[in-house]
Structure formats: structure tokens, C-alpha cells
Amino acid sequence: MSTPRLFAQTLPGLRLTSKRTAGPIARHMRCYTKATAVPPPAAPSRSAQISVRRSPWSTPLQRRAFSASATVSHGHVEPPKPGEELYVTFIDKEGVEHKIAVSKGDNLLDIAQANDLEMEGACGGSCACSTCHVIVLDQDYYDKMPEPDDDENDMLDLAFGLQETSRLGCQVVMKPELDGLRVKLPSMTRNLQSSDFK
Ligand code: FES
């Protein structure tokens, strides 16, 4: 290793520069190599310091907090406590009855999805589709439910096979008065699936 290179490596802040002669004889010959001091980085200007200090990301306290709120997933229902069970029966497209013990406050969409019944719930229960359409089989139970609001009625108008006692499953919340409710799943929904044609 040449002396200048060794010298530069042992002294931080120095770097090697070289240039070629311009003359005809030594045009392709390195004629000298010298070590040059690298100036220290300039201190940030006053305005740069101010802008860094004002940056919303400059201190940990000012960073956006990570959200740790509970995840809400559809189809998740808690098993009812002993002695507090309410019962709802779904009758699927094949006419098979599924009697399920549920808790007060569960809605029919979550109950159906938690029990692998075929209820799509395309809008996630926000009353913006009709794929959770159910038909209440008993008029008495239908009358115990709160009246559907305008949003639900608008979506029900789009439901396949609408009946007098049709409701959106995501809007029907179980309560003690509805214990023993029986609902039928329609043979099709607006979002046609291949299984609708079996
Ligand atoms: Fe869309 Fe019920 S899931 S309206």
C-alpha cells in the first residue's frame, strides 16, 4: 500500500485525491497523490434547527400513537352464560333446522356466521345490502321487533323473495322477548352465488 493511502486511512477526516497530468508525456501517468483534509459538516442553520424542532415527528411524544383498540370481527359471538340462553332457529335453503343457543344482544347475522350458516352479510352489517335477508316465520315474533327504519326498508326493497315478515338479519338483535324465534333463509340473495343454483 502506498504511503499516502496508508496515511489517509490512519487519519480519519482525510481522503485521497489524485489527478493526471495534462502534458503529452505523462498524460496517462499518475503524477502525484495527496491527502486533503475533509471539512467537518456545517452546523445546521438557525432556520433548519427551528424547522426540525417544529416537526411533528421530531420527538417520540409527538409521534402518532399506535392504536390498540379491540378488533371487531363479524360472526364473533360469545357463548351464552348458563341460565341466560335465548334460542333462535334458522331454517336453511335445504329446509334443515338449526336451533342455536345465543346471548342477549347478538344479532342474527353474527349468529348465522358464527355457526357456519349461509348468510353472506356483504356490507358487514352496516345496512347497505340485502344479503342478510331473513324471513320471520311467526307474525307474533315479527311484531315484537322494533319497526325497520328507512335504511332497512330501502335495502329490503332490493331483497330477493321479499315477504311481509322479511327483515335484515344484521338489524335483528336478540332479546328475551324473541326467545324461540324462527327465521327462514331465502333461497337466493342479490349477490348470486354458485350455490344458489344447486
Ligand atoms: Fe348488509 Fe345486513 S349485512 S344489510
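Checked against the criterion of being under 20 Å from HIS76 (Cα atoms), surrounded by fewer than 16 Cβ atoms within 10 Å (Cβ to Cβ) and without any contact (Cβ under 8 Å) to a residue 40 or more places away in the chain, the candidates ASP149, ASP143, ASP116, ASP157 yield just one match: ASP116.
Rundown of residues vs (1) away from the ligand (no atom under 16 Å from the Cβ); (2) modelled with pLDDT of 95 or more; (3) part of a loop (DSSP other than H, G, I, E, B), yes/no style:
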residue: GLU120; (1), (2), (3): no, no, yes
residue: ASP143; (1), (2), (3): yes, yes, no
residue: LEU158; (1), (2), (3): no, no, yes
residue: ARG167; (1), (2), (3): no, yes, no
residue: VAL183; (1), (2), (3): no, yes, no
residue: SER187; (1), (2), (3): yes, no, yes
residue: SER195; (1), (2), (3): yes, no, no
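Taking the conditions (1) within 15 Å of LEU185 (Cα to Cα); (2) modelled with pLDDT of 95 or more; (3) open to solvent by 50 Å² or more (accessible area, probe 1.4 Å) in turn, ILE91 satisfies each one other than (3). Taking the conditions (1) part of a loop (DSSP other than H, G, I, E, B); (2) closer than 25 Å to PRO176 by Cα in turn, ALA128 satisfies each one other than (2). Being open to solvent by less than 90 Å² (accessible area, probe 1.4 Å) and at pLDDT 95 or above is not true of GLU97.
Just one of the listed residues (VAL134, VAL102) is open to solvent by less than 20 Å² (accessible area, probe 1.4 Å), within 15 Å of the ligand (Cβ to nearest atom) and over 22 Å from the mean Cα position of the chain (by Cα), and it is VAL134.
The values are calculated or read from the model by the stated rules, or taken from the named source; none is laboratory data. Only a predicted model underlies this, so the values are computations on that prediction, with no experimental measurement involved. Because the Cβ atoms are built from the backbone with ideal geometry, glycine has one as well, and the counts that use them run over all protein chains shown. Keep in mind that these areas ignore ligands, DNA and RNA; they rest on the heavy atoms of the full protein, side chains included. Shrake-Rupley method; radii C 1.70, N 1.55, O 1.52, S 1.80 Å.
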